[in-house]
1. Could you say which residue among 189, 217 is surrounded by fewer than 16 Cβ atoms within 10 Å (Cβ to Cβ) and touching a strand residue (DSSP E or B) at 6+ places or on another chain (Cβ under 8 Å)?
2. Among the residues of region 113-125, how many are outside any strand (DSSP E or B) and either over 19 Å from residue 179 (Cβ atoms) or in contact with a strand residue (DSSP E or B) (Cβ under 7 Å, 6 or more places away or on another chain) (or both)?
3. List, please: which pairs have Cβ atoms under 6 Å, are six or more places apart or on different chains, and start with a residue in region 170-184 that is over 19 Å from residue 242 (Cβ atoms) and end with one that is assigned to a loop (DSSP other than H, G, I, E, B)?
4. Restricting attention to region 189-212, does a residue exist that is modelled with pLDDT under 95 and either assigned to a loop (DSSP other than H, G, I, E, B) or in contact with a helix residue (DSSP H, G or I) (Cβ under 8 Å, 6 or more places away or on another chain) (or both)?
5. I'd like the full set of residues that are surrounded by fewer than 16 Cβ atoms within 10 Å (Cβ to Cβ) and assigned to a strand (DSSP E or B), limited to region 1-52.
6. Filter region 51-85 down to the residues that are more than 16 Å from the ligand (Cβ to nearest atom), in contact (Cβ under 8 Å) with a residue 60 or more places away in the chain and closer than 23 Å to residue 206 by Cα and list them by number.
7. Name the residues in region 53-85 that are assigned to a loop (DSSP other than H, G, I, E, B) and touching a strand residue (DSSP E or B) at 6+ places or on another chain (Cβ under 8 Å), would you?
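The values are calculated or read from the model by the stated rules, or taken from the named source; none is laboratory data. Please read these numbers as outputs of a predicted model, since none were measured by experiment. No Cβ is skipped: glycine too gets one built from the backbone with ideal geometry, and neighbour counts run over all protein chains shown.
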Ligand SMILES: Cc1cc2nc3c(=O)[nH]c(=O)nc-3n(C[C@H](O)[C@H](O)[C@H](O)COP(=O)(O)OP(=O)(O)OC[C@H]3O[C@@H](n4cnc5c(N)ncnc54)[C@H](O)[C@@H]3O)c2cc1C
């Protein structure tokens, strides 16, 4: 057993108790710098990705609650602040994120700016020492429970559209910010539309330079592609962080007991082995078409696993993320769509049932309907293909007619 695994086992045995509150458990993880051990000191331990993964694998193997993710806090906001934030911004925002006290959201997309993100129209205007923000964002995951937002706003309308954008950290807990949850077709409400009406941001909360927010946004988008492709280790208990999510002051015992009542299937895709087991259980494992599709699904998952290993090896060798990030994001999207098709083929007519009448109380349906979002979130499949065509295959760049005109709209490729 590696030193890291031995140390984590010993530390967890001394620190884990069902009587602790989630708040106290996360505080202990953060104090031991085991919440995000790959982050540099003083926030983490500067561990290699392999050792950091060993830490979460050890927690998962013991069925423990994993480090706080905070919707996009740990995966996107933290690494972005480490890359572009000032030491003061890091000292202010990273500790509460690591202790799970503050969840984050990403305020990028707008009704008129998704794939063409640089066309965003939310304005921030300087007033005295701070900025006042007006506009509307949409599809913002977890915005209703987030305390902090990564906000892109236009600060100079006379500059070309990529250049007049600034990246701010916004306090979501203020009168000028209203997050309204949006109901998805699977019944869940994971994201919101966010209305910003005279919302205030301090000048110190600009990340990077004023009007240079696109550079910071590109870091977030690269991290997002990796986030969609990555998976937490099996067995790790994930609990929503942030004061508004309502878990911090519950005991671990209570939270785990609630977890036992969780749906049988969750996420955006059903793992291949579970789909094979489902086909056997439903008596269709001998159907030649389903056998063929199960084999195809298994192969797709395995090839994707090898591509992920290639991506990890490239990161370990210190190479910047290349086209494999777009490939893995696209492959995950294909896995999710194939999972949905197979699920309904296996269920047959039972696929038409709803809620508690449906197999597994409808949890298979919830997963199948959530699969569609993976094609869109973090850059659509079409945009990933554009990026691969241009960057990996060297095809001519997509025309971007208004790239140099003042904050105009339409036609750009945000992955470019
Ligand atoms: C589950 C989920 C979570 C999300 N979370 C967040 C979040 O937390 N924060 C946030 O800010 N946003 C979030 N989004 C929004 C997401 O980033 C956008 O939906 C996405 O960028 C697409 O933008 P759009 O919906 O405006 O579609 P559009 O950009 O209008 O695209 C419509 C269609 O046209 C295609 N298309 C557009 N431009 C091109 C082109 N140049 N070439 C070829 N095809 C093109 C697209 O692929 C798509 O099929 C989330 C979305 C989902 C589904």
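1. Values: 217 fails: surrounded by fewer than 16 Cβ atoms within 10 Å (Cβ to Cβ).
Result of the check over 189, 217: 189.
2. Residues of region 113-125 outside any strand (DSSP E or B): 114-122.
The next check asks that each one be either over 19 Å from residue 179 (Cβ atoms) or in contact with a strand residue (DSSP E or B) (Cβ under 7 Å, 6 or more places away or on another chain) (or both); those that pass are 115-122.
Adding up the residues that qualify gives 8.
3. Qualifying pairs under 6 Å: 183/189.
4. Step one: filter region 189-212 for residues modelled with pLDDT under 95, giving 189-191.
When the remaining residues are screened for being either assigned to a loop (DSSP other than H, G, I, E, B) or in contact with a helix residue (DSSP H, G or I) (Cβ under 8 Å, 6 or more places away or on another chain) (or both), the result is 189-190.
Taking every residue of region 189-212 in turn, at least one turns out to be modelled with pLDDT under 95 and either assigned to a loop (DSSP other than H, G, I, E, B) or in contact with a helix residue (DSSP H, G or I) (Cβ under 8 Å, 6 or more places away or on another chain) (or both).
5. none
6. If the condition is that a residue be more than 16 Å from the ligand (Cβ to nearest atom), in contact (Cβ under 8 Å) with a residue 60 or more places away in the chain and closer than 23 Å to residue 206 by Cα, then 81, 83, 84, 85 are the ones that fit.
7. Step one: of region 53-85, the residues assigned to a loop (DSSP other than H, G, I, E, B) are 62-64, 66-70, 72, 85.
Correct list: 63, 64, 66, 70, 72, 85.
Matching residues to (1) closer than 30 Å to residue 281 by Cα; (2) in a loop (DSSP other than H, G, I, E, B):
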position	(1), (2)
309	no, no
326	no, no
331	yes, no
338	yes, no
348	yes, no
378	no, yes
